[in-house]
Amino acid sequence: MNYSILKNKTIRFLNIFFIYFITITSFAFFTMTNIFAEEVTITWNANTEADLAGYELHHGNQSRNYTMKDVVFGNITTHTIEIPNTGEYFFALKAFDTSGNASEFSDEISRFVLDTSGGVVPDIIPPTITSVKMNDDPTKVIVAFSEPVDISGATYSISSGISVFSAGTSDGVKTVTLTTSPHIENVSNTLNIVEIKDLASIPNVIDPNNSTTYLFVPSTLTPDETVDDFSVDTTGSYSVTDVRTTGGFGSFKYDASGERIQVVTGDNIGLKISQDVKSLGRGIFSIDFLPTVKHPKGGIFILRLVQDENNYYKLINTDGYGPGELMKYVNGVKVSSVPFGNEFSQNSNYAVVINFSSDQTTVEAFGESIFISTDNNPIMVNRFEVELEQQDAFFDNIIYKD
């Protein structure tokens with residue numbers, strides 16, 4: 001069917017602010033940016049002119065080069081389209097009257113058609129920056145992302161004349177450490193990253209307009225200083241690591257109403273938070289631990305006071321897998337341990353206190369006091385790590401002192 005151009009009849013899509021009179025009002029199975037194959041139902045507002053004969057719905061996988069056309073006769077305002085393949089599709093309408101005159105094309109809408117065969121919904125969410133922080137090294141910037149990323153081809157730029165020399169990944173490639181020229185203390189810097197991709201089968205690329213502001217503030221901890229009481233949101237100062245992802249990814253967030261932090265996991269999900277602290281061979285570390293939900297068979301709580309990957313104190317306890325223990329590792333070997341007598345319980349608030357030294361290390365937690373003293377090798381603690389597996393919990397009042 002061939003139509004001449006009807007000069008006075010044009011079409012528009014609803015909510016896209018075009019200047020035409022026919023309005024597409026909804027796309028069944030559409031999200032804001034995507035649809036799921038294989039059928040798409042489109043509905044539009046009726047045209048009010050008396051001589052309207054029908055509508056043409058043009059679509060294809062190239063913009064303004066439509067390879068398919070569906071004709072809808074009469075003032076019917078809905079139509080279902082068979083989409084043969086996945087990918088990006090483009091849609092536009094024409095109206096035609098009883099004399100064979102047709103409008104020009106409406107403005108165009110494009111959407112992605114996704115393959116959900118087998119019940120698997122493709123990953124369509126691009127990675128985002130969740131935090132940017134620096135410790136005491138003025139040449140190291142630690143960038144955390146919302147999911148594992150591919151940094152090949154990525155470029156980095158920092159304001160204030162800071163040069164980026166290299167980038168390396170860690171923590172399951174969710175954390176990127178940038179080596180830079182020296183930062184100046186307490187000067188605001190803005191980081192922009194281009195072409196970071198996630199690991200989806202069709203990679204999603206970070207928004208090129210992303211920007212994150214951060215400061216270089218060297219540690220000024222004194223031996224008796226509280227590391228964090230969470231009176232303000234300090235989640236950005238912690239490193240976050242996914243340690244168990246079979247069931248998905250956990251989350252780490254600030255509870256402003258309770259002035260505390262929260263870790264949320266799930267079945268077969270584990271998350272670790274950590275922070276560098278002043279190096280001490282003898283001291284006290286404490287943290288308030290409120291377990292709330294275990295998933296589904298049992299929850300696990302782990303606390304490490306770390307010198308390096310081979311030398312550390314480790315405390316573990318569970319709700320569902322039996323009582324845990326306090327351990328000391330030297331050069332990768334467990335040299336001393338003592339068990340707890342009880343598991344922890346949900347919705348019970350525990351103060352977990354470790355008094356550590358080379359001679360004796362004592363733990364007061366879960367209604368018990370236990371200690372180890374069979375090995376006197378020193379461990380210079382410079383980082384703490386808190387890990388939850390299949391366990392949701394709140395934490396508060398982290399204290400580290402000698």
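All of the numbers you see were taken from the coordinates with simple rules; none came from a lab. This one's a predicted model, so the numbers in the text were calculated from it and none came from an experiment. Positions of Cβ are generated from backbone atoms using ideal geometry, with glycine treated the same way; all protein chains shown enter the neighbour counts.
Applying the Karplus parametrisation 6.51 cos²θ - 1.76 cosθ + 1.60 with θ = phi - 60° to the phi angles of the stretch 316-330, what ³J(HN,Hα) value in whole Hz is obtained for each residue in order, glycine and proline being reported as x?
Calculated HN-Hα couplings, in order: 9, 8, 9, 10, x, 10, x, x, x, 7, 9, 9, 10, 10, 10 Hz.
Pull up all non-local amide H partners of VAL243: gap of 5 or more, or a different chain, and H-to-H distance under 5 Å with H placed in the peptide plane.
Correct list: GLY270, LEU271, LYS272.
In nm, to one decimal, how far is the modelled label at GLU325 from the one at ASN85, with both set 7 Å along Cα→Cβ?
A separation of 6.0 nm, rounded to one decimal place.
At 1.002 mPa s and 20 °C, plugging the Kirkwood radius over alpha-carbon pairs of the stretch 246-402 into Stokes-Einstein gives what diffusion coefficient in µm²/s?
136
Which cross-chain or sequence-distant (5 or more) residues have an amide H under 5 Å from the amide H of VAL277, H modelled 1.01 Å from N in plane?
Those qualifying (amide H under 5 Å, at least 5 residues apart or on another chain) are ARG383, PHE384.
Taking a 31 Å limit on the Cα-Cα distance, which of the listed pairs LYS197/LYS328; LYS197/LYS297; LYS140/LYS297; LYS253/LYS297 fall beyond it?
On the way: LYS197/LYS328 40 Å; LYS197/LYS297 35 Å; LYS140/LYS297 40 Å; LYS253/LYS297 24 Å.
Flagged as over cut-off: LYS197/LYS328; LYS197/LYS297; LYS140/LYS297.
Order of SER369, SER251 from fewest to most other C-beta atoms within 10 Å? Could the numbers behind the result be given before it?
Numbers: SER369 10, SER251 16.
Ordered by Cβ neighbours within 10 Å, fewest first: SER369, SER251.
Using the Karplus curve 6.51 cos²θ - 1.76 cosθ + 1.60 with θ = phi - 60°, what ³J(HN,Hα) values do you get for each residue of the stretch 141-148, in whole Hz, with x for Gly and Pro?
Here the 3J(HN,Hα) series is 10, 9, 10, 9, 10, 6, 7, x Hz.
Can you tell me which of 235-246, 389-400, 71-82 comes out highest on packing, and rank the rest after it, using the mean Cβ neighbours within 10 Å?
Values: 235-246: 17.1, 389-400: 21.6, 71-82: 12.8.
My ranking of the peptides, most packed first, is 389-400, 235-246, 71-82.
For ASN347, project a label point 7 Å along Cα to C-beta. Then give me every residue of the stretch 261-296 with its amide nitrogen under 11 Å of that point.
Zone members listed by number: 292-293.
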